[in-house]
Amino acid sequence: MKLVSVNTGLPSNVTWHGRNVTTGIFKHPVQGRVALRKLNLDGDRQADLSVRTLRLLEGRIAWPGVAHGQLWRKLHRGWLLEDSVHLGDRFSVGSAEVVVTQPRLPCYKLGIRFESDDMVKRFLASGRTGFYFAVIREGEVGAGDEIKVIARDPNGIPVSEITRLYVAKRYGDADVSWVQRALRVAVLPESWKEYFRQRLERIPI
């Protein structure tokens, strides 16, 4: 598996439905090697700082009129899909090391990029929502770098499954088991764990 491109961009102000919005959704491929740091790639900034410690790898989808790197994606890889990547999977890429922490849930700013209000729904339906990495070891990355699995969390579940559980209206017994397993994944953010705990508490006994 190889890194297809490294993409960066700075936040910009756009007008959407009559209001001013600051977004970092517009990313463009960069040449050469780029420093991957704990909080960002060199030359990249995010408008939403609540997720700035996470690196995004986005699903490879052929969206009309959109070239590699023109969405939020910062590191774009080949066929590393949401149903084969698990929470807690650790990868080496270039001289850096990263770990999968959570799925990406698209927000309304995706509609800004495509000038379409239904893009969030379409993106979720595609199953290729992408996922976030936390940077364990800083290093340099560049297009063509190999992406290698170096460790897996024994409780890790597929990214696609955790996304399904997040949006599911109700849980069956098998779903409850999956959620309980996900709660044991150390790198899953506390906000996700709290959401799932609340879901479990609402299940009738």
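The values are calculated or read from the model by the stated rules, or taken from the named source; none is laboratory data. Please read these numbers as outputs of a predicted model, since none were measured by experiment. Here the Cβ is made from the backbone with ideal geometry for all residues, glycine too, and neighbour counts use every protein chain on show.
Of all residues in the stretch 175-205, how many are assigned to a loop (DSSP other than H, G, I, E, B) and not aliphatic (A, V, I, L, M)?
4
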Considering residues that are within 18 Å of the chain's Cα centre (by Cα) and either assigned to a helix (DSSP H, G or I) or surrounded by fewer than 18 Cβ atoms within 10 Å (Cβ to Cβ) (or both), the number found within the stretch 139-174 is 12
Worksheet item: Is it the case that some residue within the stretch 82-91 is at pLDDT 65 or above, hydrophobic (A, V, I, L, M, F, W, C) and more than 29 Å from GLU161 (Cβ to Cβ)?
Response: no
Selection over the stretch 10-33 where residues are of a type in the set (Gly, Ala, Ser), assigned to a loop (DSSP other than H, G, I, E, B) and at pLDDT below 75 yields a count of 2
When the stretch 172-198 is checked residue by residue, the ones that are in contact with a helix residue (DSSP H, G or I) (Cβ under 7 Å, 6 or more places away or on another chain) and more than 23 Å from ARG90 (Cβ to Cβ) are ASP175, VAL176
